[in-house]
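The values are calculated or read from the model by the stated rules, or taken from the named source; none is laboratory data. Values in this document were obtained by computation on a predicted structure and should not be read as measured data. As a convention, Cβ positions derive from the backbone with ideal geometry for all residues, glycine included, and neighbour counts pool all protein chains shown. The area values use the complete protein model at the heavy-atom level, side chains included, leaving out ligands, DNA and RNA. Shrake-Rupley method; radii C 1.70, N 1.55, O 1.52, S 1.80 Å.
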Amino acid sequence: MGNLTATRPPQPWTAPTASDPVAATLRLPGSKSMTARALVLGALASGPSTLARPLRARDTELMAGGLRELGAHMSASDDDRWLVRPHALVGPAHVDVGLAGTVMRFLPPVAGLAAGRVTFDGDPHARTRPLGPLIGALRTLGVRIDTPPTGSLPLVVLGAGRVTGGEVVIDASASSQLVSGLLLAAPRFDRGVVVRHQGPPVPSAPHLRMTVQMLRAAGAAVDDTTPDVWVVEPGPLTGRGWEIEPDLSGAAPFFAAALVTGGEVTLQGWPRSSLQPVEQLRELLHRMGGEVTLGTDGLTVRGTGTVRGLDADLSDVGELTPVLTALTLLADGPSRLTGIGHIRGHESDRVTALAKEFAGLGADVTETHDGLEIRPRPLRGGTFRTYADHRMAHAAAVAGLAVPGIEVDDVTCTSKTMPEFPALWSGMVTGKN
């Protein structure tokens, strides 16, 4: 029986308005994508692994918790250094995926390698997120899975302690995570895996490249030379130390603040060579009027106080859409963002949610099947709903820099990937960081 005690709804958070150009130097938490992949690879390796400066947030704690449920040993007592010790994967186990796409798509293939029954479920909206292609692929590869008729969560993996593997065809146009989930566990499959994508283009290609690069760094043999085909050979994974980069998607609203206010923001700890799509973000911000430089002190964005309109295909960097949408609303001309139909299946239907919530603040936003058309005009304050989606809260915060009175209904949803966000953001705007 559930807890019948009434829970107090979150208090609205007023997005702070900037009276002066921001000037801040910050160190942000680690990349969610890198942390999640390093945890999985560490749990499947032949020896221990460490993660330096990982992201401690709801999504990554759910990932660590799921792997711990399956038998891996995880030590996260030190925020700056996590230790992963692989162990035999066993059931029975229950994995809470929360609302994390990484957990719901990366761990079912791992559960196939466990000996025993593993159940998966999460937040209510998690049951609507695309999962069917992965389930079908795993069944083809020899994994027994019980699901509801919808082919979604909740599901049960009846692990046999091994997965045959082999060749599989999948439509991953809804999410690159559908492919990454198969690839990360594939070195432990008896025959490895050959994944062939058939369908519209796979979105978020940089995340797939990250998966391949991290697999190779852990000792896996991966061939991705043929477009839309990934081959992973069976073989051991090596435990190793992972240096986790700052999170690029989490950095986007802070960089946007420099453009909106004509200020300067430096984020420390950026590597010269990144596994994340830094160059794509650099180009987009440059086109919108920002100057982006990478120096010894970090990655710096400077603004002029004028934001230019943007016509861009964001299919590779859909995670940036909410923040870029907020920027376009404050631009000096119209914008068109395309290639983002897949983000309808993210934590919320982000295309519809952005159009609806910004329209409620007076914006002229037209929703298309795969994007948004924005014509800037003066905005007003009001309530902005997040739909429990951290990126929606980021978008509201960016708009609030220039528009007084934007009330975010639930800023606590940012704990999904950055629990410190409200404090870091307010400190940056007020100059108290």
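Points to keep in mind about this one:
- The condition of being in contact with a strand residue (DSSP E or B) (Cβ under 9 Å, 6 or more places away or on another chain) and either in contact (Cβ under 8 Å) with a residue 60 or more places away in the chain or closer than 18 Å to residue 252 by Cβ (or both) does not hold for residue 361.
- Here residue 234 fulfils each of the conditions (1) part of a loop (DSSP other than H, G, I, E, B); (2) touching an Asp or Glu at 6+ places or on another chain (Cβ under 9 Å); (3) modelled with pLDDT of 95 or more; (4) crowded, with 22+ Cβ neighbours inside 10 Å apart from (4).
- Taking the range 324-433 and the helices (runs of 4 or more DSSP H) fully enclosed by it, the elements with 2 or more residues that are of a type in the set (Phe, Trp, Tyr) are at 421-430.
- Unique residue being in contact with a Pro (Cβ under 9 Å, 6 or more places away or on another chain), at pLDDT 95 or above and within 22 Å of residue 65 (Cβ to Cβ) when the list is 165, 181, 161, 112: 181
- Conditions (1) touching a helix residue (DSSP H, G or I) at 6+ places or on another chain (Cβ under 6 Å); (2) within 23 Å of residue 413 (Cβ to Cβ); number of the one not met by residue 143: (2)
- The range 239-278, subset of a type in the set (S, T, N, Q) and assigned to a helix (DSSP H, G or I), residue farthest from the chain's Cα centre (by Cα): 261
So that you can scan it fast, the table gives a plain yes or no per residue for (1) open to solvent by 20 Å² or more (accessible area, probe 1.4 Å); (2) among the hydrophobic types (A, V, I, L, M, F, W, C):
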| residue | (1), (2) |
| --- | --- |
| 17 | yes, no |
| 23 | yes, yes |
| 37 | no, no |
| 43 | no, yes |
| 47 | no, no |
| 60 | no, no |
| 70 | no, yes |
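- Number of residues in the range 35-72 that are part of a loop (DSSP other than H, G, I, E, B), of a type outside the set (Gly, Ala, Ser) and more than 19 Å from residue 115 (Cβ to Cβ): the value is 5.
- Residue that is surrounded by the most Cβ atoms within 10 Å (Cβ to Cβ) [pool: residues in the range 279-303 that are without any contact (Cβ under 8 Å) to a residue 24 or more places away in the chain and outside any helix (DSSP H, G or I)]: 291
- Number of the condition not met by residue 354 [criteria: (1) out of contact with any Phe, Trp or Tyr (no Cβ under 8 Å at 6 or more places or on another chain); (2) surrounded by fewer than 24 Cβ atoms within 10 Å (Cβ to Cβ)]: (2)
- Hits in the range 111-146 - residues which are among the polar types (S, T, N, Q) and open to solvent by less than 40 Å² (accessible area, probe 1.4 Å): 119
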